[in-house]
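What follows is a single structure, written as structure tokens, with notes after it.
Computed from the coordinates by the stated procedures, all read-outs in this text should not be read as laboratory data. From a predicted model like this one, the values you see are computed outputs, not experimental measurements. Backbone-built Cβ (ideal geometry, glycine too); neighbour counts: all protein chains shown.
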Amino acid sequence: MKNLIIFLSVIATLFGEVSSRVVSVDGETVAMEAREGLKPGMSAFVIREFAQGHQVILSTCIIGEATDQLTCKPFDYLEHDSLSLVKGKVQAGDLVRIGLLEKSMAIIAPDQKRFLDVKNKRPDAFWIHPDILAVTLKEAGNPVPKKKDFQAFCKEHVIGTLVFALEDAVYDVDCVSFKVVAKEPSPYTPEETVKPFYNRVGEIERGIFDFGAESIGEFTPYYQSLIGEK
């Protein structure tokens with residue numbers, strides 16, 4: 001767990017973050033000191049601080065419609081066999097770190113041009129290539145990725161934001177809440193769409209014993225529906 005805290009601290013140093021403090025706790029609902037620039041659906045971690053600089057992550061949280069309110073659950077976002085998860089209840093005074101992983105990103109785009117256009121506009125991001133997810137989907141015979149597939153990908157590779165570069169706009173989706181936290185209108189028409197998203201792995205075919213859909217269908221409508229924008 002100590003190594004995990006160090007890793008997250010490095011991420012924060014590279015990308016920046018917002019910090020706050022817990023004011024009160026009512027079950028899974030946590031009130032924190034208000035901060036500017038927060039949006040509903042952003043994720044956060046609640047951290048318990050001890051003497052000599054030691055810290056333990058207690059909870060993964062999601063900011064509510066009132067941005068000084070959090071819904072929290074026991075920390076499990078960065079699961080790893082070598083890490084022991086610490087059980088403890090959030091209490092007033094605990095540290096809240098928001099946006100810790102938001103610039104650790106992956107792009108879901110219809111083609112290489114859209115992918116590169118979005119990537120090049122964000123030089124300060126730490127990018128995880130979607131080829132990694134494509135390999136997982138190919139091995140599983142899954143040509144129609146669902147929310148759970150994207151969230152599992154995020155957890156395994158410590159990604160905070162999925163960037164869905166669709167034909168109408170570019171949507172930033174928080175991996176934990178799977179809510180849109182930013183939207184930039186950006187019309188784009190791909191010459192040829194790669195499904196289920198741009199990758200260099202090749203065609204992803206349905207498994208022989210899978211009787212589900214063979215394709216996501218139309219690229220933009222599928223992902224708009226998946227992220228709640230349709």
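For this structure, a couple of remarks:
- Counting every C-alpha pair in region 125-166, the share spaced more than 13 angstrom apart comes to 54%.
- Sparse-neighbourhood loop sites, chymotrypsin sites (Phe, Trp or Tyr not before Pro) in region 14-64 - DSSP loop, at most 13 other Cβ within 10 angstrom: Phe50
- Cα gyration tensor shape for the chain, rounded if a/c is under 1.5, else prolate or oblate: prolate
- Relative contact order [Cα under 8 Å, 6+ residues apart], region 107-227, whole percent: 34 percent
- Beta bridges by DSSP in region 104-226, antiparallel share as percent, to the nearest 5: 60 percent
- Modelled spin labels at Glu33 and Arg206, positioned 7 Å past Cα toward Cβ, are 5.5 nm from each other.
- In nm, spacing of pseudo-spin labels at Ala152 and His54 (7 Å Cα→C-beta vector): 3.6 nm
- For region 148-230, the spherically averaged projection of the C-alpha convex hull amounts to 6.4 nm².
- Backbone HN-Hα couplings from phi across region 46-58 [Karplus 6.51/-1.76/1.60, Hz, Gly and Pro as x]: 9, 10, 8, 9, 10, 5, 6, x, 6, 9, 9, 7, 9
- Packing-based ranking, highest mean first, of 121-128, 98-105, 132-139 given that Cβ atoms within 10 Å are counted: 98-105, 132-139, 121-128
- The calculated FRET efficiency for Lys73 paired with Lys138, based on their beta-carbon distance and R0 = 25 Å, is about 0.20.
- For the chain, averaging the sequence separation of C-alpha pairs within contact (under 8 Å, six or more residues apart) and dividing by the residue count gives a relative contact order of 19 percent.
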